[in-house]
Amino acid sequence: MSGTSAALKPPADAVNPVRHPDAPAPGELLGAHYGQCFGCGGEQPHGLHLEARAGEGVTITAEFTVQAAHQGAPGLAHGGVLATALDETLGSLNWLLRTIAVTGRLETDFVRPVPVGTTLHLTAEVTAVAGRKIYSTAVGRLDGPDGPVAVRADALFIEVKVDHFIDNGRPEEIRAAMSDPDQQRRARAFEVNP
């Protein structure tokens, strides 16, 4: 990414990311981490409904189709929606590390317009880890995985404890998520939100 700030450059002592042994297998659909998530949740009528799949190493692929509700300019995706798609994709990488992390910084380049009706194909990878800091990058392409680049981003995620969500979230939402009888859904509800 051109012009990446110093905050997104891993320090010299950063290490290569290591996929957790219990991470989903390559090709496996990750599913929504929380039904109400605007990025991946199926319970959001105007959400992105982004679908991510585990890749090799610490990579994922994802897709979402730009709907009329996602417009900024007439017929084109809103830049904030595209940044959200990148953030959601990058945040999903943390599931491969089995780490609870939140977005600390996201820098996005908008390369070309993304028309309504277009399916954006995203790829993302963790590039380095330094203590609680997780460095990652993503690219969104039009019309297929090898299509022209439309958006790209670099990000810094910060590992947190689940208390971050309990202390800062709406109590009724936290209680509902924590009382979910599905243990995996309950754990995933707290994995990537800022």
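Quick notes on this structure:
- Shape of segment 3-63, Cα gyration tensor, a/c cut at 1.5: oblate
- From phi via Karplus (6.51, -1.76, 1.60), per-residue ³J(HN,Hα) for segment 135-140 in Hz, x at Gly/Pro: 9, 8, 9, 8, 9, x
Read the figures in this text as sums done on the coordinates, not as results from a lab. No experiment lies behind these values; they were computed from the predicted model shown.
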